Amino acid sequence: MKHRTYLCAVAMLLAIPFTAMAQKKATKDVSIQLYSVRNVLNKIDNKDGKCDPAYTAMLKSLANMGYTGVEAANYQDGKFYNRTPQQFKKDVETAGMKVLSSHTSKGLSDEELASGDFSESMKWWDQCIAAHKAAGMLYIVCPSMRTPNTLKDLGTYCAYYNEIGKRCKAQGMAFGYHNHSFEFQKIEGKVMYDYMIENTNPEYVFFQMDVYWVVRGQQSPVDYFTKYPGRFAVYHIKDHREIGQSGMVGFDAIFKNAKKAGLKHIIAEIEEYSMPLEESVKTSLEYLLDAPFVKDSYAK
């Protein structure tokens, strides 16, 4: 009897790892735009070299959910969330993720736009690029821009973005532009987004397609992949609230056309919630982890 009891106990112990293994979700390379957790991060107080516990706890929580990387949304005066580039990189990596990208921008002044001379703004960008390189960024992304009045002004911005991208490439990074829905309006008869793609150099500028805003702009992401193949190295995956909940966005077709798009990385962004914040960003990630049409990685 004792021998049989012993064997049963051993069998139960041996079964535990296999059961746990069966329940564990497959890992996928999905980063998160930290704007998604702004309600927490906007309250942090990383000052005087000290690290706010709420900040480190949030980074660790995101990593525990299964997110593999971050896109920053708080670059200012050479720092990210009031941390030096080196500190920010260490914070993210200590939590168990990687630093992938950052949203930041500097618009042209009226004088620069009129003259076409943006050399003054490039001084700011040189410092910005250096800080992002020190933080280990692969990408710097312009999150938006003011709507130009003329195609001439838009052309000046395209030249500006080309120059930023050229300097990013020289430092081993890439520069991109993130859309909303306003880019699908026409300026002098030309769709703004199309003009930007056609008048920026693919060698220096990629487009971070926010698929939700494309749909809200009454356009098809897949049509853009077909029209401009290879220009969309990064997807911003977003929905009305939690990802996959609204039925508005055809995520299956978007991911099935990833090769045509030129996709290398996906970044989840959750702007609005229908549940508590951490539950919302976890639910959004689980949708992508469970989706059979989302590959483990697009970086290969």
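Just so it is clear, none of the values below were taken in a lab; they were calculated from the coordinates. Quantities reported herein were computed from a predicted structural model and do not represent experimental measurements. Every residue, glycine as well, gets a Cβ built from its backbone with ideal geometry; the counts of neighbours run over all protein chains shown.
Quote the relative contact order of the chain in percent (integer), defining contacts as alpha-carbon pairs under 8 Å separated by 6+ residues. Please list the in-between numbers first.
Numbers: 472 pairs, mean separation 51.3, N = 300.
Contact order relative to length: 17 percent.
Compute the signed sum of charges (Lys and Arg +1, Asp and Glu -1) over the other residues within less than 12 Å, Cβ to Cβ, of Ala114. Kindly include the intermediate steps, with their values, before the conclusion.
Details: positive: Lys152; negative: Asp110, Glu111, Glu112, Asp117, Asp153.
Residues near Ala114 contribute -4 overall.
Taking only Cα atoms, what is the 0 to 90° angle, nearest 10, from helix 85-95's long axis to the longest principal axis of the chain?
30 degrees
So what's the net charge close to Glu269: Lys and Arg +1, Asp and Glu -1, counting the other residues with Cβ under 11 Å from its Cβ?
Numbers: positive: Arg38, Lys238; negative: Glu71, Asp210, Asp239, Glu271, Glu272.
Local net charge: -3.
Indicate, rounded to the nearest 5 percent, the antiparallel portion of the DSSP beta bridges found entirely in region 175-239. Kindly include the intermediate steps, with their values, before the conclusion.
Values: 2 of 9 bridges.
Antiparallel bridges: around 20 percent, rounded to the nearest 5.
What angle, in degrees between 0 and 90 and rounded to the nearest 10, separates the Cα long axis of helix 151-170 from the longest principal axis of the Cα atoms of the chain?
Taking Cα atoms only, the helix is inclined about 50 degrees.
Arranged from highest to lowest average of other beta-carbon atoms within 10 Å per residue, in what order do the peptides 137-149, 221-233 appear? Walk me through the numbers before you get to the answer.
Details: 137-149: 19.4, 221-233: 17.5.
Taking the mean over residues of other Cβ atoms within 10 Å, the ranking is 137-149, 221-233.
So which of Lys60/Lys123; Lys60/Lys89; Lys186/Lys259; Lys227/Lys264; Lys50/Lys90; Lys28/Lys90 end up more than 25 Å apart by C-alpha? Write down the numbers at each step before the final one.
Working: Lys60/Lys123 35 Å; Lys60/Lys89 14 Å; Lys186/Lys259 28 Å; Lys227/Lys264 18 Å; Lys50/Lys90 14 Å; Lys28/Lys90 22 Å.
Pairs exceeding 25 Å: Lys60/Lys123; Lys186/Lys259.
For a test of the definition: using alpha carbon positions, the gyration tensor, and the 1.5 limit on a/c, classify region 204-278 as rounded, prolate or oblate.
Numbers: a/c = 2.22, a/b = 1.73, b/c = 1.28.
Because a/c hits 1.5 or more and a/b exceeds b/c, region 204-278 counts as prolate.
Given the DSSP H assignment, sum -39500 (n - 2.57) over each helix run of at least 4 residues in the chain and divide by its residue total; what's the result at 222 nm in deg cm²/dmol, nearest 500? Present the calculation step by step, with values, prior to reporting the outcome.
Working: 13 runs with 136 residues, N = 300.
Result for the chain: -13500 deg cm²/dmol, rounded to the nearest 500.
Relative to the first principal axis of the alpha-carbon coordinates of the chain, what is the inclination of helix 53-65, with its axis defined by its Cα atoms, in degrees from 0 to 90 and to the nearest 10?
So the inclination is approximately 70 degrees.
Is the C-alpha gyration tensor of region 142-235 telling us rounded, prolate or oblate? Criteria: a/c under 1.5 is rounded; beyond that, a/b larger than b/c is prolate, otherwise oblate. Intermediate values should be presented prior to the final figure.
Numbers: a/c = 1.83, a/b = 1.20, b/c = 1.52.
Oblate is the answer for region 142-235, as a/c is 1.5 or above yet b/c matches or exceeds a/b.
Considering only DSSP beta bridges whose two residues both sit in the chain, what percent are antiparallel, to the nearest 5? Don't skip to the end; give the middle numbers.
On the way: 5 of 33 bridges.
Here the share of antiparallel DSSP bridges comes out near 15 percent.
Here are some values of volume of the Cα convex hull per residue in Å³: (i) 162; (ii) 114; (iii) 136. Which one was computed from this structure?
Identified label for the calculated read-out: (i).
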